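The values are calculated or read from the model by the stated rules, or taken from the named source; none is laboratory data. Small disclaimer: the values here were computed from a predicted structure and weren't measured. Positions of Cβ are generated from backbone atoms using ideal geometry, with glycine treated the same way; all protein chains shown enter the neighbour counts. To get the accessible areas, we keep the full protein, side chains included, count just its heavy atoms, and leave off ligands, DNA and RNA. Shrake-Rupley method; radii C 1.70, N 1.55, O 1.52, S 1.80 Å.
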Amino acid sequence: MDPKTIYQKTVKGEEELRTRKYNLPQNLRQVLIFVDGKSNITKILEKSAGFPNVGQSLEDLAAQGFVYFDDTVTFAGIKEELIATARQTLGADAEKVIAKIKDAPDSKEGLQATMSSCKKLVKLVIDEKKAEELIQKCSEIMSRL
């Protein structure tokens, strides 16, 4: 279960909260209340501190058609993660890498070529160790494409 997954209520889930039509057990109903379409699993777990088996409850709710998640990976989302990783890894030296990522084509091959170029840049301007660290982290993110 990816902690960044964002669940949303289905029409059936909304109906259950309004009418109790499906007689969900209280523990599942409570987790359904925490699903707001904005909070990822990490946030839901924070909100539901003290509730047992929240992860399993989300899976049960999804299996029964009360919630769903959109697992479509977008290039904009991947680029945002790559930029955040560059900032975290390179600190003040990240600006040129960030500019390259922003200008990268919205294709897997385009992002791969851009990250290869970023690795060379970091290797020349900062050092090889930082270049390897950046590419390793970014490769994990890009593996979802």
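Remarks
- Helical contribution to [θ] at 222 nm, DSSP H n ≥ 4, -39,500 (n - 2.57), averaged over the chain, rounded to 500: -19500 deg cm²/dmol
- Where the chain is the region considered: accessible area per residue in Å², 1.4 Å probe: 60
- Segment 12-145: relative contact order as a whole-number percent, Cα under 8 Å and 6+ apart: 19
- Counting only lysines at least 8 places from residue 12 when in the same chain, those with an alpha carbon closer than 29 Å to its own are 4, 21, 38, 43, 47.
- Under 19 Å from the residue 75 label point (7 Å along Cα→beta-carbon), backbone N, segment 94-116: 97-116
- Convex hull (Cα only) mean projected area of the chain, reported in nm² to one decimal: 10.2
- Long-range HN-HN contacts of residue 6 with modeled amide H, under 5 Å: 70
- Element breakdown for segment 1-142 at a 1.4 angstrom probe: carbon and sulfur atoms account for 51% of the accessible area.
- Take the Cα of residue 125, step 7 Å toward its Cβ, do the same at residue 21, and the gap between the two points is 5.6 nm.
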